[in-house]
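K.L.:
Below are the structure tokens for one structure; questions will follow.
The values are calculated or read from the model by the stated rules, or taken from the named source; none is laboratory data. A quick note: this is a predicted structure, and the numbers were derived from the prediction, not measured. Virtual Cβ from ideal backbone geometry, glycine too; neighbours counted across all protein chains shown.
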Amino acid sequence: MLAAAFAASTLAASPALAEYRTKDVPAVTGLDPATIAPNTIAFTDHRDNPASPESGLVPFTEWGKRSPAQKALLAPHPAYAEPDYVQTVNGVAKPRHEVLKVYVAEARFIVPRSADRIDLKRFATIPFLSRMDPAIKHKALSPADATPTKDPAAAFARRPDRPWCEAPDTTCIESRYDLEGKLPLGVKLANKLEDGGKKIAEFVSFQSELRVLPPDEAGQLVQLTRIEAPVAGAMEQNIFWVNQILRFGKFLAVMQPVGSDPNKTVVTAYMTLGIKADVLDRKKEYERVPVLRNLLPAQVLMGNSSFNTGTSISAGLPTYARNRIAAFADALAKE
């Protein structure tokens, strides 16, 4: 851990060599790396109509049919399905199937150094995550304390092949983000509308595993990038438990050599978030209260609300995804 902290502090002290900016493109898959300008992130989150609150959100089942490779590699694990579990309401246990909608951001950028000069293990640390977004606080989590492993009621979120955080060279993390700006006040007002229902928390907490993928797993990612070059390395943060609103999330970065220039690396990055559909459907109770009409969950999540603020999660998922990927690109370029 001391070595990781030293590496992170060294990165923080490096001179600013690059400052990446996102540029919207219709699609990232199939985009020729040679066409990407320096310090530019080609970005899409498939929001054809940004003014529409749910533009860019795809039903989970439709996502799996439309993009099976994405579903297999960007969901928490290849066999992941919408949750089925037993929920107790007023003392009565009832089976429940939870419907999800998925947000997928894709990006591609060029790092001006060869892939063999980029050590992804320096980035797969808690200190580095803290640098990526200081508003989110992280701490180490014992694999035995992962909620799906520890809590029988969360068994639906377990992996079928292994317990969470027990793959080799994996960092297990518990994270917390306190909502910013006017959102805590909005949450307090919204909770007053809930007559005995589940209250909304003023924070988002989540558990994840962070790791550099072994070569056999990384090699499969050419199915995603569709770049005809071997995968030189890949790193992921896989969020497997969230206290509210979301069911899962994943940040994945894939490095491949640029065929026309061995001194450059093309990085394709993804951010995927699985959102509970019933959260998005909570409209009527908010619409009847004037001050909360701008707090519709879909509007807030997609950054279309006056309650959105800052550069982290409270800004909305599209802004958060852009900033997270840009921070990662800058870090790779300065490494």
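K.L.:
Of all residues in segment 137-158, count the ones that are surrounded by 18 or more Cβ atoms within 10 Å (Cβ to Cβ) and touching a residue at least 60 places away in the same chain (Cβ under 8 Å).
P.N.:
Of the residues in segment 137-158, 5 are surrounded by 18 or more Cβ atoms within 10 Å (Cβ to Cβ) and touching a residue at least 60 places away in the same chain (Cβ under 8 Å).
K.L.:
Scanning for something polar (S, T, N, Q), crowded, with 20+ Cβ neighbours inside 10 Å, in contact with a Lys or Arg (Cβ under 9 Å, 6 or more places away or on another chain) and in contact (Cβ under 8 Å) with a residue 40 or more places away in the chain, does segment 226-247 turn up at least one residue?
P.N.:
yes
K.L.:
Which residues, counting only those in segment 283-314, are more than 26 Å from residue 327 (Cβ to Cβ) and surrounded by fewer than 17 Cβ atoms within 10 Å (Cβ to Cβ)?
P.N.:
283, 284, 285, 287, 288, 289, 290, 291, 293, 294
K.L.:
Can you spot a residue in segment 321-335 that is at pLDDT 95 or above, more than 21 Å from residue 184 (Cβ to Cβ), in contact with a helix residue (DSSP H, G or I) (Cβ under 8 Å, 6 or more places away or on another chain) and among the β-branched types (Val, Ile, Thr)?
P.N.:
no
K.L.:
Looking at (1) surrounded by 18 or more Cβ atoms within 10 Å (Cβ to Cβ); (2) touching a residue at least 24 places away in the same chain (Cβ under 8 Å); (3) out of contact with any strand residue (DSSP E or B) (no Cβ under 7 Å at 6 or more places or on another chain); (4) farther than 11 Å from residue 104 by Cβ, which one does residue 55 not meet, given that it meets all the others?
P.N.:
(1)
K.L.:
Scan 130, 67, 142 and give me the residue that is closer than 18 Å to residue 329 by Cβ and among the polar types (S, T, N, Q). Spell out the reasoning first.
P.N.:
Numbers: 67 fails: closer than 18 Å to residue 329 by Cβ; 142 fails: closer than 18 Å to residue 329 by Cβ.
Going through 130, 67, 142 in turn, just one is closer than 18 Å to residue 329 by Cβ and among the polar types (S, T, N, Q): 130.
K.L.:
Given the criteria touching a helix residue (DSSP H, G or I) at 6+ places or on another chain (Cβ under 7 Å), part of a strand (DSSP E or B), buried (at least 19 other Cβ atoms within 10 Å of the Cβ) and without any contact (Cβ under 8 Å) to a residue 40 or more places away in the chain, does residue 254 qualify?
P.N.:
Working: touching a helix residue (DSSP H, G or I) at 6+ places or on another chain (Cβ under 7 Å): yes; part of a strand (DSSP E or B): yes; buried (at least 19 other Cβ atoms within 10 Å of the Cβ): yes; without any contact (Cβ under 8 Å) to a residue 40 or more places away in the chain: yes.
Yes: the conditions hold for residue 254.
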